[in-house]
Amino acid sequence: MKKLFSIITLLMCIFISCQNEFSIENNTDNIQTSTPNDSIYIKKLIALDTTKTAPFDTVYISTFNYDNFKRLEKYSFLEYNNLGFIDTTNFYYFNTRFYNSINDTLPSKENFINKDNLNTSIGTRFFTYYSGTTLIQIDSSIETIQTQPLDIYTTVFKYFRFTNSIKIIQTNYFNTIPQSLDSLNYVFTKQNGNIITQQESIYGITNSYNCQYDTKNNPLSKSKLIFNQGFLDLLLTDTDPTFYNQPNNVTQINNIYGASNSNYKFIYKYNSLNYPSEVNLKNLSGGPLFKGINKIIYQYTN
């Protein structure tokens, strides 16, 4: 009971801290008129449905903030409604990262707030890495749902990495009691550092991917986002390894799942440093695009 009380106290402190750190109202930058800077550090990703007129064409905005050492410090992901305003009733995500020392390039933990329809969860994720590498060994989170403040949810991902495959053991706990155990398996091949084929077996679903890339720089590879790429991950059933933070920018993804086949194409424009300034999305399979998103604007910061 004492241990459970300590965990609850920790989470309440996190909640108070997160409330001070994250403010939806403060995220009111002009989302249409800014011109992307010729820089390598991504500031915003703006997802548009260009069949609509501004400001009603904005679907999602991801915002990246860095510390003085150019490490990703804060990240937010906001959804917009049909009136062009932030939709706080449906979905949003915020996190703040913490580093053990100025020499670390990857975080030791991050606080987060996650809103998904009717549920808002708050918590902390902790990361440990294989010694001497930047590869995650354990990714664990502890969180509570605002409507159930006395209940504690814990998820632990343990990574087993091989040359061309990753196995992840996921364990879910409810109030420290194990609830489920899953094995997530990924087998992939790489070319020029990019994943070009991947077969995955996760949660009883089998997927196969074939990918193509350009030869330009990918700003998301520098952000080192862990698991969450915002709306990019929502476009496909794509978890980890993700195709969107490879060294180069993905230009085509063919996804085979069961008897179904989807094929997406990404057409880029670049700034003077060969980083994307925008990308147009096409579904070559003829189906609809996720939430109508057919264009993504990249904005940068120095």
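The values are calculated or read from the model by the stated rules, or taken from the named source; none is laboratory data. Given the structure is predicted, the values throughout are model-derived calculations rather than measurements. Cβ coordinates were reconstructed from backbone atoms using ideal geometry, including for glycine residues, and neighbour counts include every protein chain displayed.
What the table below lists for this structure:
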item: The one condition in (1) touching an Asp or Glu at 6+ places or on another chain (Cβ under 8 Å); (2) more than 19 Å from Ser208 (Cβ to Cβ) that Gln146 fails to fulfil; result: (1)
item: All positions within region 85-106 that are assigned to a loop (DSSP other than H, G, I, E, B), among the hydroxyl-bearing types (Ser, Thr, Tyr) and modelled with pLDDT under 90; result: Thr88, Thr89, Thr105
item: Criterion (surrounded by 17 or more Cβ atoms within 10 Å (Cβ to Cβ), in contact with a Phe, Trp or Tyr (Cβ under 9 Å, 6 or more places away or on another chain) and under 16 Å from Asn254 (Cα atoms)) met by exactly one of Ile195, Ile202; result: Ile195
item: Cβ pairs under 8 Å, 6+ apart, first in region 151-166 and more than 18 Å from Asn111 (Cβ to Cβ), second outside any strand (DSSP E or B) and among the charged types (D, E, K, R); result: Ile166/Asp240
item: Count of region 240-256 residues which are of a type outside the set (A, V, I, L, M), out of contact with any Ser or Thr (no Cβ under 7 Å at 6 or more places or on another chain), more than 22 Å from Gln299 (Cβ to Cβ) and part of a strand (DSSP E or B); result: 2
item: Residue within region 156-170 that is out of contact with any Lys or Arg (no Cβ under 7 Å at 6 or more places or on another chain), closer than 27 Å to Lys70 by Cβ and surrounded by fewer than 18 Cβ atoms within 10 Å (Cβ to Cβ) present; result: yes
item: Criterion (touching a strand residue (DSSP E or B) at 6+ places or on another chain (Cβ under 8 Å), of a type in the set (A, V, I, L, M, F, W, C), closer than 22 Å to Phe174 by Cα and assigned to a strand (DSSP E or B)) met by exactly one of Phe77, Phe112; result: Phe112
